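J.: Mind looking over this structure? Questions follow.
The values are calculated or read from the model by the stated rules, or taken from the named source; none is laboratory data. As the structure is a computational prediction, the values presented were derived from the model and not from experiment. Neighbour counts run over all protein chains shown; Cβ positions are idealised from the backbone, glycine included. Calculation scope for accessible area: heavy atoms of the full protein, side chains included, ligands and nucleic acids excluded. Shrake-Rupley method; radii C 1.70, N 1.55, O 1.52, S 1.80 Å.
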Amino acid sequence: MNRLAGSQSPYLQQHAANPVDWWPWGEEAIAEAKRRDVPLLISVGYSSCHWCHVMAHESFENEAVAAVVNEFTVPIKVDREERPDVDAVYMTATQAMTGQGGWPMTVFATPDGQPFYCGTYFPRDAFLRLVQAVAAAWREQRDGVLQQSAAVVDAVRKVAERPPSNPMDDSVLRSAAATLMESYDDRHGGFGGAPKFPPHMALLFLLRHYQRTRDDAILDAVRHTCERMARGGMYDQLAGGFARYAVDSTWTVPHFEKMLYDNALLLRVYTHLDRIAGSGTGRRVAHETVAFLAQELHDGHGFISALDADADGEEGLTYAWTPAQLDEVLGEIDGAWARYLLRVTPEGTFEHGSSVLQLPEDPANAERWADIRARLLHARAARPQPARDGKIVAAWNGLAITALVEFGRAYGDAEAIALAVRTAEFLAGTHLVGGRLRRVSRDGVAGEPAGVLEDYGAVAEAFCAVHQATADGRWLALAKDLLDVALAHFRDPDGDGFFDTADDAEALVARPADITDNATPAGLSAIAAALVTYSALTADPAYREAAERALATVSVVAATHGRFTGYACAAGEALHSGPFEIAIATPDPQDPLVAAAWWHAPPGAVIVAGEPDRAGVPLLEGRPLRDGAPTAYVCRGFVCDAPVTALEDLVAKLA
């Protein structure tokens, strides 16, 4: 029976035709396992995961393996991007049992969902033996299995216990930055060794920390890391956009899938690097990333989730080149020039003598490079292309909207602002159902999974960004609605922190409450950032207090693990800076004062420009033009300086 065919999830649809009799996550599967008295096999992954594809081809598409799985288990397929709550619980269990985690995640659980054996990828023969061994243990050693599951669940619940609260003050932020710098790779950039993931949230924090402290070593580390990432193979030198991570320490060979969240967060990093310190690479990459987002990931409603790592079942097939392939497209002379420029060698940097394109230095002849780039892109378009994960995730679209607003205001790009507003309209019209967020949609239709804390935080922050870009009070009101839901349904009633799921959401074996960033901001970090921004836009101290109390629950971890708390620390820097509240009374949204405010903005500053006393815009209340001239009002922590009308006076105040 094909139970996955109607799913909105591309990942589940990939497995709909498997001989494994997959069930979607839900009460029906659990009831079936109880009826048959067999364990659950919970297989968690996502559509662009290379090793998920490998395990599918080896095991789940194999009739003999499927027969054993179907006989001895009730198999459940979970899209981790659609159900991050389910993923979080069983990933914690996997890490507790094995010391590591990843996808595909393979979990055997009791019929009521309590995990007792966890792992990740298993080759076919090993997986077949494992299923048979689990079935035998369930039949013959039931008491031992139940004791094991109880111990695992206890460990999972203990992970959710929070450390003591401590204010996220200057000492915490300096300590977080120092711990990051201890792991800084001063040769290749980034933090730690291979594999290297783009440390976007840590870089956002460090840029804000540099703005406040003017520590040149911090800026040098950010600049070097951004240069190396953008010039290596992890960045698509032809079409723009970053891959998920580099398998090496030099950013040369990527794991080729391109994720929306990485590119949204990196767009913010490169925009702010150029804005704060001046960076030709930052400016170029920011513009190319916006083009990639608009052309490759936007489906007319919102931004889809990802492009796959594989094409025709082969990783990197779309992106890697041999010297002969360059010569075939470009001819011998241009081919030789491109081989040197892009570091394509006979030995290759990837597989089968092919190379991933790199750009270690800017070409001396920009026009020639533009021509070659266009010709290579045209040729690449004829190759097999990676599959697209067409689901729209609320939180990730929120990240993209915020990034587009910051880019659009920094560079005066009206098209980027328009794309951000259009995407926000879609989220408000489709993902908001009965005052609550839905996590995903596809083809313009909202799915069933409920929004989790990161959705509420990232979308509320995005609505605050659109409010700043448009001076439209509707977006601020929508942000308030989301934050109020988060405070009412996600906040820990016994403390200052938050859970990742609502108090009326489906109950799992544990209620997840992760305070550390992973590939995306932790839910707590996302909601704290939104609370900081909203409080500054409205001068409402209750939301600021909620942000301070939330950040206090992560500060003990942040002080020693800045690498995994970057988004929280970035919100902490905004609080420590003020954040600045900048209102510009002007009938002209293109006024030079507006551009200067966005370009010179201190960490986490909020900026609104428009006519005085505009309805629904608290920052413009009681802020008239002075002598008929556009006027800037600069406040910090709800305390305001004298208004200014001269451009140089505004820049001086922001410095």
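Table: residues versus (1) of a type outside the set (A, V, I, L, M, F, W, C); (2) in contact with a Gly (Cβ under 7 Å, 6 or more places away or on another chain).
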| residue | (1), (2) |
| --- | --- |
| 464 | no, no |
| 470 | yes, no |
| 512 | yes, no |
| 525 | yes, no |
| 532 | no, yes |
| 538 | yes, no |
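J.: Identify the residue in region 414-466 that is on the phi > 0 side of the Ramachandran plot and touching a residue at least 12 places away in the same chain (Cβ under 8 Å) and, among all such residues, is least open to solvent (accessible area, probe 1.4 Å).
T.: Per the criteria, the residue is 444.
J.: Among (1) open to solvent by 30 Å² or more (accessible area, probe 1.4 Å); (2) within 28 Å of residue 170 (Cα to Cα); (3) within 16 Å of the chain's Cα centre (by Cα), which single condition is residue 245 missing?
T.: (2)
J.: I need the full set of residues from region 553-568 which are polar (S, T, N, Q) and open to solvent by 10 Å² or more (accessible area, probe 1.4 Å), in order please.
T.: Restricting attention to region 553-568, the residues satisfying the condition of being polar (S, T, N, Q) are 553, 555, 560, 565.
Once the filter is applied, which keeps residues that are polar (S, T, N, Q) and open to solvent by 10 Å² or more (accessible area, probe 1.4 Å), region 553-568 yields only 560.
J.: Does region 196-226 hold any residues that are within 23 Å of the chain's Cα centre (by Cα), surrounded by fewer than 22 Cβ atoms within 10 Å (Cβ to Cβ) and outside any helix (DSSP H, G or I), and which are they?
T.: 197, the sole residue that qualifies.
J.: Wholly within region 240-350, which helices (runs of 4 or more DSSP H) include no fewer than the required count, namely at least 1 residues that are over 30 Å from residue 601 (Cβ atoms)? Spell out how you get there, then give the answer.
T.: Details: elements: 260-277, 280-292, 323-342.
Filter on region 240-350 gives 323-342.
J.: In addition: Among the listed residues 193, 189, identify the single one that is assigned to a loop (DSSP other than H, G, I, E, B), over 26 Å from residue 387 (Cβ atoms), of a type outside the set (S, T, N, Q) and open to solvent by less than 30 Å² (accessible area, probe 1.4 Å).
T.: Of the residues listed, the single one that is assigned to a loop (DSSP other than H, G, I, E, B), over 26 Å from residue 387 (Cβ atoms), of a type outside the set (S, T, N, Q) and open to solvent by less than 30 Å² (accessible area, probe 1.4 Å) is 189.
J.: So, in region 140-150, exactly how many residues are open to solvent by less than 70 Å² (accessible area, probe 1.4 Å) and in contact (Cβ under 8 Å) with a residue 24 or more places away in the chain?
T.: Summing the residues that are open to solvent by less than 70 Å² (accessible area, probe 1.4 Å) and in contact (Cβ under 8 Å) with a residue 24 or more places away in the chain in region 140-150 gives 3.
Matching residues to (1) closer than 30 Å to residue 171 by Cα; (2) among the hydroxyl-bearing types (Ser, Thr, Tyr); (3) at pLDDT 95 or above:
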| site | (1), (2), (3) |
| --- | --- |
| 575 | yes, no, yes |
| 582 | yes, no, yes |
| 607 | yes, no, yes |
| 616 | no, no, yes |
| 627 | no, no, no |
| 641 | yes, no, no |
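J.: Of everything in region 569-625, what is among the hydroxyl-bearing types (Ser, Thr, Tyr) and either farther than 20 Å from residue 655 by Cβ or surrounded by 22 or more Cβ atoms within 10 Å (Cβ to Cβ) (or both)? Give them in sequence order. It would help to see each step written out before you state the result.
T.: Restricting attention to region 569-625, the residues satisfying the condition of being among the hydroxyl-bearing types (Ser, Thr, Tyr) are 577, 586.
Hit for region 569-625 is 586, nothing else.
Per-residue answers, yes or no, for (1) hydroxyl-bearing (Ser, Thr, Tyr); (2) in contact with a Pro (Cβ under 7 Å, 6 or more places away or on another chain); (3) open to solvent by less than 60 Å² (accessible area, probe 1.4 Å); (4) assigned to a helix (DSSP H, G or I):
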| site | (1), (2), (3), (4) |
| --- | --- |
| 135 | no, no, yes, yes |
| 138 | no, yes, yes, yes |
| 152 | no, yes, yes, yes |
| 156 | no, no, yes, yes |
| 163 | no, no, yes, no |
| 173 | no, no, yes, yes |
| 177 | no, no, yes, yes |
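J.: Hand me the list of helices (runs of 4 or more DSSP H) wholly inside region 1-83 holding 2 or more residues that are open to solvent by 10 Å² or more (accessible area, probe 1.4 Å), of a type outside the set (Asp, Glu) and modelled with pLDDT of 95 or more.
T.: In region 1-83, 27-36, 63-72 are the helices (runs of 4 or more DSSP H) which contain 2 or more residues that are open to solvent by 10 Å² or more (accessible area, probe 1.4 Å), of a type outside the set (Asp, Glu) and modelled with pLDDT of 95 or more.
J.: Out of the helices (runs of 4 or more DSSP H) lying entirely within region 404-502, which hold 3 or more residues that are within 17 Å of residue 513 (Cα to Cα) and within 21 Å of the chain's Cα centre (by Cα)?
T.: Those helices (runs of 4 or more DSSP H) span 453-470.
J.: Out of 156, 152, 131, I need the residue that is over 31 Å from the mean Cα position of the chain (by Cα) and either aliphatic (A, V, I, L, M) or at pLDDT below 90 (or both). Which one?
T.: Values: 156 fails: over 31 Å from the mean Cα position of the chain (by Cα); 152 fails: over 31 Å from the mean Cα position of the chain (by Cα).
Criteria check complete, one pass: 131.
J.: Let me ask something else. Considering only region 467-495, state which residues are closer than 17 Å to residue 535 by Cβ and open to solvent by less than 40 Å² (accessible area, probe 1.4 Å).
T.: Correct list: 467, 468, 473, 475, 476, 478, 479, 482, 483, 485, 486.
J.: Shifting gears a bit: Among the residues of region 84-100, count how many are open to solvent by 10 Å² or more (accessible area, probe 1.4 Å), among the β-branched types (Val, Ile, Thr) and either free of Cβ contacts under 8 Å to residues at least 40 places away in the same chain or not in a helix (DSSP H, G or I) (or both).
T.: So the count comes out to 1.
J.: Please determine, by comparing only the residues of region 101-129 that are over 21 Å from residue 150 (Cβ atoms) and outside any loop (DSSP other than H, G, I, E, B), which one is most open to solvent (accessible area, probe 1.4 Å).
T.: Filtering first and then ranking leaves 129.
J.: Take residue 371 and tell me if it is in contact with a Ser or Thr (Cβ under 9 Å, 6 or more places away or on another chain), of a type outside the set (Gly, Ala, Ser) and not in a strand (DSSP E or B).
T.: Numbers: in contact with a Ser or Thr (Cβ under 9 Å, 6 or more places away or on another chain): no; of a type outside the set (Gly, Ala, Ser): yes; not in a strand (DSSP E or B): yes.
Criteria not met by residue 371.
J.: Run down 293, 238, 267, 317 and say which single residue is touching a residue at least 12 places away in the same chain (Cβ under 8 Å) and open to solvent by 30 Å² or more (accessible area, probe 1.4 Å).
T.: 317
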